[in-house]
Amino acid sequence: MNWLVRCALCAFVGLNVLHVCFAAEKVLPPKADFVCLQCHGDYVSGEHVHPAIQSGCEACHKLDKSPEGSYVVLRGTESGCRDCHRLETTMHVHFPYAAGMCLRCHAPHNSTKPNLLRLNINEICLDCHLQHPGRAASASMPTIELNGSNSAGHPYLGHPVSEVPDPLQGGEMSCLSCHLAHGGTKPHLLKMGAQIPGDALNQNTETRDLCEACHLRLWGLPDGKARRKHNKQK
């Protein structure tokens with residue numbers, strides 16, 4: 001039964017609409033304004049929902065009244081996300097993250113993707129970093145060239161970036177198989193050895209560890225000890 005119909009029935013028999021109908025549905029957050037959700041009820045349900053919604057709409061929004069009219073606006077700017085998500089200080093930082101452009105990658109209310117991502121990981125990254133005519137690369141926005149299906153070609157010709165299993169982390173290989181989303185200690189936001197599951201070279205932080213850890217796993221040599229044994233047999 002449609003939730004609006006249920007509410008009408010509850011109101012007819014004198015029940016508390018907000019606490020009975022919606023609490024049973026487990027859709028409305030406890031402090032949300034019922035008026036907002038008459039139009040925006042779809043924001044509070046879904047596969048992945050922003051936990052801040054539990055604090056109600058006014059945790060992030062406010063009513064801005066003026067002679068021209070009233071508007072619902074964000075409290076502050078996008079960087080208001082940092083009221084809860086504190087900025088991490090790193091040696092190399094992803095520009096959108098440093099600039100508080102959280103909504104470039106994340107959905108504010110809900111998403112079908114983990115971590116409230118707007119799209120698949122590679123779709124988000126390539127929207128800015130895929131090389132094409134008219135886009136000039138820069139230090140803050142380097143670009144890469146891939147094959148026609150955007151599944152291979154980085155960091156060298158033929159190297160897969162999607163559509164194959166990730167040997168280290170499981171799932172499908174993506175930009176985040178090698179890079180960090182927000183920032184890190186290595187140039188190009190590359191992962192360090194300590195951030196690679198079962199690091200092949202005992203948590204060594206050289207950039208090449210990232211490549212060696214993955215390729216050793218592909219060769220059936222999951223750790224440094226197995227690697228040394230393999231070298232002795234040559």
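The values are calculated or read from the model by the stated rules, or taken from the named source; none is laboratory data. None of the values given here were measured: they were computed from a predicted structure. FYI the Cβ positions are ideal-geometry reconstructions off the backbone, even for glycines, and counts take in every protein chain you see. When the accessible area is computed, the model is the full protein with side chains, heavy atoms only, and any ligands, DNA or RNA have been set aside. Shrake-Rupley method; radii C 1.70, N 1.55, O 1.52, S 1.80 Å.
Scanning the range 54-68 for residues that are at pLDDT 85 or above and open to solvent by less than 50 Å² (accessible area, probe 1.4 Å) yields a single hit, C57. Regarding A152, is this residue open to solvent by 80 Å² or more (accessible area, probe 1.4 Å), of a type in the set (G, A, S) and free of Cβ contacts under 8 Å to residues at least 12 places away in the same chain? Considered against the rule, which asks whether it is open to solvent by 80 Å² or more (accessible area, probe 1.4 Å), of a type in the set (G, A, S) and free of Cβ contacts under 8 Å to residues at least 12 places away in the same chain, A152 comes out as no.
Consider the range 129-149. How many of its residues are in contact with a Ser or Thr (Cβ under 8 Å, 6 or more places away or on another chain) and open to solvent by less than 40 Å² (accessible area, probe 1.4 Å)? The number of residues fulfilling the criteria is 1. Just so you know, in the range 170-193 the residues that are within 17 Å of the chain's Cα centre (by Cα), in a loop (DSSP other than H, G, I, E, B) and in contact (Cβ under 8 Å) with a residue 40 or more places away in the chain include one that is surrounded by the fewest Cβ atoms within 10 Å (Cβ to Cβ), and it is H182.
Quick grid of which residues meet (1) in a loop (DSSP other than H, G, I, E, B); (2) under 26 Å from the mean Cα position of the chain (by Cα); (3) surrounded by fewer than 18 Cβ atoms within 10 Å (Cβ to Cβ); (4) modelled with pLDDT of 85 or more:
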position: A200; (1), (2), (3), (4): yes, no, no, no
position: T205; (1), (2), (3), (4): yes, yes, yes, no
position: E212; (1), (2), (3), (4): no, no, no, no
position: K234; (1), (2), (3), (4): yes, no, yes, no
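Taken over the range 38-84, the criterion of being of a type in the set (A, V, I, L, M) and over 13 Å from H109 (Cβ atoms) is satisfied by L63, V72, V73. Only a single item in (1) open to solvent by less than 50 Å² (accessible area, probe 1.4 Å); (2) assigned to a loop (DSSP other than H, G, I, E, B); (3) modelled with pLDDT of 85 or more is not met by Y97, and it is number (2).
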